[in-house]
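The values are calculated or read from the model by the stated rules, or taken from the named source; none is laboratory data. Computed from a predicted structure; not experimentally measured. Please note: Cβ atoms are built from the backbone with ideal geometry, for glycine as well, and neighbour counts cover all protein chains shown.
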């Protein structure tokens, strides 16, 4: 019955948790941009971000405690596509993400 890995190291997060986390991170980023983003564009960005996280889940899970490295990954792999989708400057979007994410 006991988890041999320990309470806090229970493996990979569920798909639901990943989806909710991606949604929350983008919501916080959008708030820091202080611009209105259409709900359909926000939803499209969430789907894009979710797919990128799922595709790199092992790498992300291994670095879950290193916010800076995760923020660097986001800036390189996710930010340009979301910036284009939301029609915002990529550098400004990256800065807003880092401010909300803590990396």
- [ ] Restrict the check to segment 10-26 and report whether at least one residue is at pLDDT below 95, outside any helix (DSSP H, G or I) and under 14 Å from the mean Cα position of the chain (by Cα).
- [x] yes
TODO: Need at least 3 residues that are within 12 Å of the chain's Cα centre (by Cα) per element, so show me which helices (runs of 4 or more DSSP H) inside segment 53-103 make the cut, counting only ones lying wholly within it.
DONE: 67-77, 90-101
TODO: Go through 92, 98, 63, 67 for me and flag whichever is without any contact (Cβ under 8 Å) to a residue 24 or more places away in the chain and either out of contact with any helix residue (DSSP H, G or I) (no Cβ under 8 Å at 6 or more places or on another chain) or surrounded by 13 or more Cβ atoms within 10 Å (Cβ to Cβ) (or both).
DONE: 63
TODO: For segment 31-38, indicate whether the set of residues that are part of a helix (DSSP H, G or I) and free of Cβ contacts under 8 Å to residues at least 40 places away in the same chain is non-empty.
DONE: no
